[in-house]
1. Report, by residue number, each residue of the range C:28-49 that is away from chain B (no Cβ under 14 Å) and among the small types (Gly, Ala, Ser).
2. Working carefully through the options D:ALA62, D:ALA86, find the one that is within 27 Å of C:TYR136 (Cα to Cα), within 11 Å of chain C (Cβ to nearest Cβ) and in a strand (DSSP E or B).
3. Could you tell me which residue of the range D:206-224 is farthest from D:ALA24 (Cα to Cα), considering only residues that are open to solvent by 40 Å² or more (accessible area, probe 1.4 Å) and not in a loop (DSSP other than H, G, I, E, B)?
4. Residue under question is D:ALA201, and the condition is that it be surrounded by 13 or more Cβ atoms within 10 Å (Cβ to Cβ), of a type in the set (A, V, I, L, M, F, W, C) and in a helix (DSSP H, G or I); does it hold?
5. Look at the range B:50-59 and say how many of its residues are open to solvent by 10 Å² or more (accessible area, probe 1.4 Å) and more than 11 Å from chain A (Cβ to nearest Cβ).
6. Just one of the numbered conditions (1) part of a loop (DSSP other than H, G, I, E, B); (2) open to solvent by 30 Å² or more (accessible area, probe 1.4 Å) is not true of B:THR195; which one?
7. Could you list, in sequence order, the residues of the range C:69-86 that are open to solvent by less than 10 Å² (accessible area, probe 1.4 Å) and out of contact with any strand residue (DSSP E or B) (no Cβ under 6 Å at 6 or more places or on another chain)?
8. Out of the range C:28-38, which residues are open to solvent by 10 Å² or more (accessible area, probe 1.4 Å) and among the small types (Gly, Ala, Ser)?
Number of protein chains: 4
Amino acid sequence: MTGVDLNADLGEGFGHWRLGDDDALLAVVTSANVACGFHAGDPSIMRRVCAAAAARGVRVGAQVGYRDLAGFGRRAIEYDPADLTADVLYQIGALDGFARAAGDRVRYVKPHGALYNRIVHDEAQAAAVVEAVGAYDATLPLLGLPGSAVLRLAAAAGLPTVAEAFADRAYTPDGRLVPRSTPGAVVHDPDLVCTRAVALARGEPIAAIDGSTIRVGARSICVHGDTPGAVELVTRVRDALRTADVPIEPFA
Amino acid sequence: MTGVDLNADLGEGFGHWRLGDDDALLAVVTSANVACGFHAGDPSIMRRVCAAAAARGVRVGAQVGYRDLAGFGRRAIEYDPADLTADVLYQIGALDGFARAAGDRVRYVKPHGALYNRIVHDEAQAAAVVEAVGAYDATLPLLGLPGSAVLRLAAAAGLPTVAEAFADRAYTPDGRLVPRSTPGAVVHDPDLVCTRAVALARGEPIAAIDGSTIRVGARSICVHGDTPGAVELVTRVRDALRTADVPIEPFA
Amino acid sequence: MTGVDLNADLGEGFGHWRLGDDDALLAVVTSANVACGFHAGDPSIMRRVCAAAAARGVRVGAQVGYRDLAGFGRRAIEYDPADLTADVLYQIGALDGFARAAGDRVRYVKPHGALYNRIVHDEAQAAAVVEAVGAYDATLPLLGLPGSAVLRLAAAAGLPTVAEAFADRAYTPDGRLVPRSTPGAVVHDPDLVCTRAVALARGEPIAAIDGSTIRVGARSICVHGDTPGAVELVTRVRDALRTADVPIEPFA
Amino acid sequence: MTGVDLNADLGEGFGHWRLGDDDALLAVVTSANVACGFHAGDPSIMRRVCAAAAARGVRVGAQVGYRDLAGFGRRAIEYDPADLTADVLYQIGALDGFARAAGDRVRYVKPHGALYNRIVHDEAQAAAVVEAVGAYDATLPLLGLPGSAVLRLAAAAGLPTVAEAFADRAYTPDGRLVPRSTPGAVVHDPDLVCTRAVALARGEPIAAIDGSTIRVGARSICVHGDTPGAVELVTRVRDALRTADVPIEPFA
């Protein structure tokens, strides 16, 4: 049986400001999406997280975002595609320096926030991200939403792609994420989150928001790390997967 | 006979703003100190300069600086050494991504501005820079001022070091740069700059500011690229070296 | 006869980088749109421009933009309206401090770049800008495009509004600017620019891009200051207005 | 009997990041040192804090700092004095816009962090700050350390000055703050903090770190708001002052 990967966002503080509990998350996840300084993260945090991840065998991925510290990368920006390619390449290289200094290297790339959402459908920005990853290292997997433009373009360009699912987010009947602004978009019941995580990991159907059942293919499950109670929820998901005999292992 | 390297600062624009004539300089120098986004430079500029440098066979060095865009890296900052190490490592990695994407890689590191001046004598900040370079790649040469703390500590740490000289700057009798605030600190006569460049390249003595003669050992000569007439001056220096049969070749 | 105002963007350098010739423009225009540090401009530049404008009797306007130094405020950003209001208010206040220190004050507000274009039609962002100006000083005029959402909402909120026209830009038959990406969008012939400036100032019809004639009501004419030959073009426009006996005078 | 003012730093988050509990502090202090966006704070936070302070009658002061978000304004920077004046003026004006929009205005200026410490002794930077405050509004008080260069220069320039004391910091026998790196520099016992606060407010002597007694003249007492338990400590200090019948009232 194929195992499932658990990924979470880490290193999202900046300077004097902290966000989330990186150390606690590193004890649970198998893949760490490390912020690279454009929407969050700074060099000292990146260095520390890369060292801690390497020590634990957690894979480090470049969580690349728009250049927007004030907006935490959550505001869509009309980038010139060439500038976006350059910004993404810059972030991957910067993080890779810390990963290499820790004896490892960046193992995958996962876009963040508004960029993540934008390249689900925006072909030009999606192509810009794919170009950046391919230019850096064409063996580096892109982690993203199944059915997104970015994964399709990445696959077409010969890059490895990895699909992820969200155990605590509701899906539409055609397998898209229900927007956060819609009631019911986020699943809050920890037991339900765990049940869905196990189903997702096994490739079994889950309930869409309208009650129909869908299948979401996913090699990795994303768990949010910056909300109150996040570490506890992630830990419960991990324990539920173990109880269900689903192997938990990094994809990269 | 050993050749001499010509290095200049490149890629020092930011966003909509340009500084210096990168293309013209790339046609003359053998080593390009490329700004890495902290005091100047942005990802799009870095990508373009790395590609152009690779196409011409010009070596790319990481021109690392303090995080101070508004001050162009020319204001001394009391960094925590660990933060300085992280900031330098980040910049080297970021630039290396572009160099690798262009089929080459970062060949050396040269600190910029206030950081350059600070680590001539500040042991803690010098050690922080040395740690960053060593952590990234212990075979990467550090380019700096002969007799500086940073080159001494780098050599002690087993890193390659390369000494540089300035053909258009006056020296004190003990081989230090005359501060810019002192009258006569900058040599403006192009003929004299060329004569000094040839002498420096040959290891011959030059006149210090008090008229005594000194020897400045230097494998590389730094030429300033952001002043009016800079490209012409650099071109004259190159031609003078050629006329004097001094081989011009990169050190890295 | 009512006079016409000439406005241009000033103070758009940042730190070590310069853009345009502020002093030369101040000798020609009657209103200076001064960048406030978010897309361009820094405190030292703002202080200098405000002092020079006050000395010449040139009116100072707050050229407010998105927080995007790397993109020069030319990238549309999906701002939360409350954050946009706060960002605009911040910029007006910051510039007003320098204007007051120079013995004058900010006389009007003109949005910049992508924000300017966005609030031609985006009601939410337009309302956010109007709220900022009204909260700062409800007697402060907003300078913008005739027919734009922002001028309409500003008028509805009781703010003074001032319409501007562009002598060097082509218009559609319904009085909108032809997008820069369309051939013929920019008028390059200086004589034609001058002829159109005089017509715009007199309220006479000008030719739209399809040859039909339109009237563009405008109390101010915007002249671009950051292109090669800009100062010469602005000077010719001013001279043409004087020759045509059109009074040139600030609106504020 | 003259009352004493209680001041604390507020609004020191940035974007997605929060720091301290602004609302809880506003319920206790009489003066709020509001960060102005250079070391911390952003326009949305500034707007919210100014509105909340105005609603409670808490005085708003401009907590001006070095331009160093990554370092939280805690790293000394070798500023050109003219640039420092401009940076300080910019921050005061920006905050004043929000204070005015809330129906109030900036009532005083208090430098932050490394700038605060620097201008205790650095005459050039102290003069730069004084020039900024005087240029903005020569009736605006400067809040700072008794005996500091900045208060001396401010007084010489005709600006009002207000001395502050720290109830939780140890003093040297000559009335200076014991550096944080020295053991015993911070008083952790809440009862002792309260006792010292009352003595400071009454102008009675307190014990210096060597056991001798000193008098620290102070019209305002600074309480730290960003440490765990800060709000409780501030509340206890306030209650102790009330119990001792010391009037608590803003100086501005």
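The values are calculated or read from the model by the stated rules, or taken from the named source; none is laboratory data. A quick note: this is a predicted structure, and the numbers were derived from the prediction, not measured. When we count neighbours, we look across all protein chains shown, and the Cβ atoms used for this are built from the backbone with ideal geometry, even at glycine. Each accessible area value is taken on the protein alone, full model and side chains, heavy atoms only, with ligands, DNA and RNA left out. Shrake-Rupley method; radii C 1.70, N 1.55, O 1.52, S 1.80 Å.
1. Matches in the range C:28-49: C:SER31, C:ALA32.
2. That would be D:ALA62, the only listed residue that is within 27 Å of C:TYR136 (Cα to Cα), within 11 Å of chain C (Cβ to nearest Cβ) and in a strand (DSSP E or B).
3. So the residue we want is D:THR213.
4. The answer is yes for D:ALA201.
5. 6
6. (1)
7. Correct list: C:PHE72, C:GLY73, C:LEU84, C:THR85, C:ALA86.
8. If the condition is that a residue be open to solvent by 10 Å² or more (accessible area, probe 1.4 Å) and among the small types (Gly, Ala, Ser), then C:GLY37 is the only one that fits.
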